[in-house]
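Encoded as structure tokens, the structure appears first; notes follow it.
The values are calculated or read from the model by the stated rules, or taken from the named source; none is laboratory data. Every value quoted in this text rests on a predicted model; they were computed, and no experiment measured them. Note that each Cβ is placed from the backbone with ideal geometry, even for glycine, and that neighbours are counted across all protein chains shown.
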Amino acid sequence: MLMKKKSLVIALAFVSVNAAFSQSTTKKRKLIWSDEFNYTGLPDSSKWGYEEGHIRNNESEYYTKARKENAYVANGMLTITGRKEQYPNKAYKAGSNNWQQQDSLAAYTSVALITLNKKHFTYWRIEVRAKIPKGLGVWPAVLMLGVDRGLVRWPYCGEIDIMEFVGHDSNHIHGTIHYADTTAKREHTSSGNKIEVTQPYNDFHIYSLEWNSNSLDIYFDDSLYHHFDVNKATYKNDNPFRKPFYLLLNLALGGAWGGRIDDAVLPQQYQIDYVRVYK
């Protein structure tokens, strides 16, 4: 999500081959961590923290912290809401040209929930059952970032985009791996794909990742649509995808890839039924 490159739609024949395998292996796995959202109130603070402020990609939303108007759990569901509203920018600095600091009031709000310093993951199957929002400017995601991001910077920490959707490309779901370019000709490279889905926002779907020391496989429901060889990300005898990552659930608005926001569609809700991690 920190950067995005265009990807190609793969053949459905390739997708269908992997469906039976996905179903059978998931049933055999042991559930080791989850949030079923079977409570009422703010997201469980023992499992989830927050990003706060204007974070990346020149996005328009301000991520708020522990605010029920933007993230609330009820009726077995986490609902993340993107809103058009004015909200004080804690980072504001008068006269600054920095996009994160130049406005005293943000024009939009949303939430980015993270498991950083609460739960980290390496070599698991992660499933998120969710219903995404729709409309120009929405940019929901399920992604993972390397725990050492603060030390080594992005993209050296690695990034796994398990699901991204942008409202201006309304019939595709994207999955992308970001990492440092091993050729050293540029700092960042990526490996991604997209799968065509008619109106994916009209129902709940399962977005999942199968991760081991050799590969990363991204699924939409039971369809595998992107495979990545972890060895490709080895850089100076190091590989981010053999280290712990944390999970991030967010709804961005606008920005470098989200594009123009249609205020008329707001507020929009990103609903998460559950998050499950299997060994």
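Quick notes
- Matching entry among 50, 108 (being more than 24 Å from residue 150 (Cα to Cα) and buried (at least 17 other Cβ atoms within 10 Å of the Cβ)): 108
- Residues being modelled with pLDDT of 95 or more and surrounded by fewer than 23 Cβ atoms within 10 Å (Cβ to Cβ) - total across segment 233-247: 5
- Count - residues of segment 139-156 that are hydrophobic (A, V, I, L, M, F, W, C) and not in a strand (DSSP E or B): 4
- Pairs meeting the criteria (first residue in segment 77-91 and touching a residue at least 60 places away in the same chain (Cβ under 8 Å) and surrounded by 14 or more Cβ atoms within 10 Å (Cβ to Cβ), second residue of a type in the set (Asp, Glu) and assigned to a loop (DSSP other than H, G, I, E, B), beta carbons under 7 Å, at least 6 apart or on different chains) are 81/69; 83/69.
- Single residue of segment 119-138 satisfying the filter (outside any loop (DSSP other than H, G, I, E, B) and aliphatic (A, V, I, L, M)) that is nearest to residue 71 (Cα to Cα): 130
- Scanning segment 53-76 for residues that are closer than 12 Å to residue 90 by Cβ and surrounded by fewer than 21 Cβ atoms within 10 Å (Cβ to Cβ) yields 53, 65.
- Failed item in (1) within 25 Å of residue 211 (Cα to Cα); (2) polar (S, T, N, Q); (3) modelled with pLDDT of 60 or more, with residue 22 passing the rest: (3)
- Of the strands (runs of 3 or more DSSP E) that lie entirely inside segment 173-279, those containing 1 or more residues that are free of Cβ contacts under 8 Å to residues at least 60 places away in the same chain and hydrophobic (A, V, I, L, M, F, W, C) span 215-220, 223-229.
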